[in-house]
1. Among Leu56, Leu27, which is the only one that is in a helix (DSSP H, G or I) and of a type in the set (A, V, I, L, M)?
2. Among what's in the range 6-25 and is closer than 26 Å to Ile98 by Cα and aliphatic (A, V, I, L, M), pick the residue that is most open to solvent (accessible area, probe 1.4 Å).
3. Examine the range 184-203 for a residue that is closer than 24 Å to Ala64 by Cβ, open to solvent by less than 70 Å² (accessible area, probe 1.4 Å) and either touching a helix residue (DSSP H, G or I) at 6+ places or on another chain (Cβ under 7 Å) or at pLDDT 90 or above (or both), and state whether such a residue exists.
4. Within the range 44-86, which residues are touching a residue at least 40 places away in the same chain (Cβ under 8 Å), under 24 Å from Leu8 (Cα atoms) and charged (D, E, K, R)?
5. Just wondering, is there one or more residues in the range 121-144 that are touching a strand residue (DSSP E or B) at 6+ places or on another chain (Cβ under 7 Å), modelled with pLDDT under 85 and either open to solvent by less than 40 Å² (accessible area, probe 1.4 Å) or among the aromatic types (Phe, Trp, Tyr) (or both)?
6. Please count how many residues of the range 26-43 are free of Cβ contacts under 8 Å to residues at least 40 places away in the same chain and open to solvent by 50 Å² or more (accessible area, probe 1.4 Å).
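The values are calculated or read from the model by the stated rules, or taken from the named source; none is laboratory data. For clarity, every value in this text was computed on a predicted model and none was experimentally measured. So basically every Cβ, Gly included, is an ideal-geometry build from the backbone, and we count neighbours across all protein chains shown. Protein only, heavy atoms only, side chains kept; ligands, DNA and RNA dropped before computing areas. Shrake-Rupley method; radii C 1.70, N 1.55, O 1.52, S 1.80 Å.
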Amino acid sequence: MDTVNEKLIDKLASSPLFKGVPRGEILRILSDERAVERTYQHDETVYEPTSFMKSLGFLVSGRAEVGMAGYPMRMIEGGTYFGVAALFGAGETYVTRIRAMKNTRILFFAEDLIEECLRTMPAFSVNYAAFLTGRIRFLNRKIGLLSGHDSRESLAGFLAGRARLTGKRVTVASYAQLAKSLNIARSSLYRAMDELEERGIIKREGKEIVIMDETALYNFEHEKEIS
């Protein structure tokens with residue numbers, strides 16, 4: 001980067017990966033040609049399975065949606081890192097699709113620059129290990145929700161995730177497709193919806209599932225969280 005402003009240094013210094021890293025080191029990294037900033041417009045794709053960079057992304061400002069198999073999973077805001085699955089032995093495809101939801105600035109750190117940080121900055125190395133551990137915990141819980149061990153938890157996890165993105169009304173293309181995405185039988189999906197509806201947690205209106213009790217839904221989602 002040719003120029004570095006103080007606000008960007010402040011954002012990185014308070015972020016999970018650069019916490020405790022000397023300010024001079026952050027400035028040096030930002031001045032490296034392997035740190036590249038790009039701007040994306042609304043609905044523009046950042047990463048997708050067949051098109052991505054072997055770089056770690058830092059969302060400087062704006063908002064982006066992370067999705068898989070046509071379904072949104074979560075929203076990431078300014079100050080969030082993404083792209084660890086693109087580094088160090090990544091395959092030919094990326095795991096998710098990331099698209100900008102508004103004008104979004106992203107700072108990309110090339111793989112070899114991240115490797116250099118890991119080798120030369122102890123604080124960064126510890127932060128990176130903690131960051132990966134957090135991602136493993138998150139993915140473990142998602143795998144548990146989608147593994148089909150409990151269709152009610154799978155449905156609750158899906159609805160809670162969608163609610164965080166789109167609000168209390170969750171639209172599905174079809175219930176058959178939803179069952180397939182959740183890796184459960186269609187009959188199991190209907191039983192799970194019946195139970196959540198009987199509890200007053202959701203209400204079905206055609207292809208829309210209305211969340212009536214967000215707190216109960218989130219509590220249900222986390223009943224058997226995997227650590």
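1. Details: Leu56 fails: in a helix (DSSP H, G or I).
From the options Leu56, Leu27, the qualifying one is Leu27.
2. First, pick out the residues of the range 6-25 that are closer than 26 Å to Ile98 by Cα: 7-19.
Among the residues that remain, those that are also aliphatic (A, V, I, L, M) are: 8-9, 12-13, 17.
Values: Leu8: 6, Ile9: 6, Leu12: 1, Ala13: 36, Leu17: 1 Å².
Among those residues, the one meeting the criterion is Ala13.
3. At the first step, the residues of the range 184-203 found to be closer than 24 Å to Ala64 by Cβ are none.
No; the residues of the range 184-203 include none that is closer than 24 Å to Ala64 by Cβ, open to solvent by less than 70 Å² (accessible area, probe 1.4 Å) and either touching a helix residue (DSSP H, G or I) at 6+ places or on another chain (Cβ under 7 Å) or at pLDDT 90 or above (or both).
4. Glu44, Lys54, Arg63, Glu65
5. No - not one qualifying residue is present in the range 121-144.
6. 4
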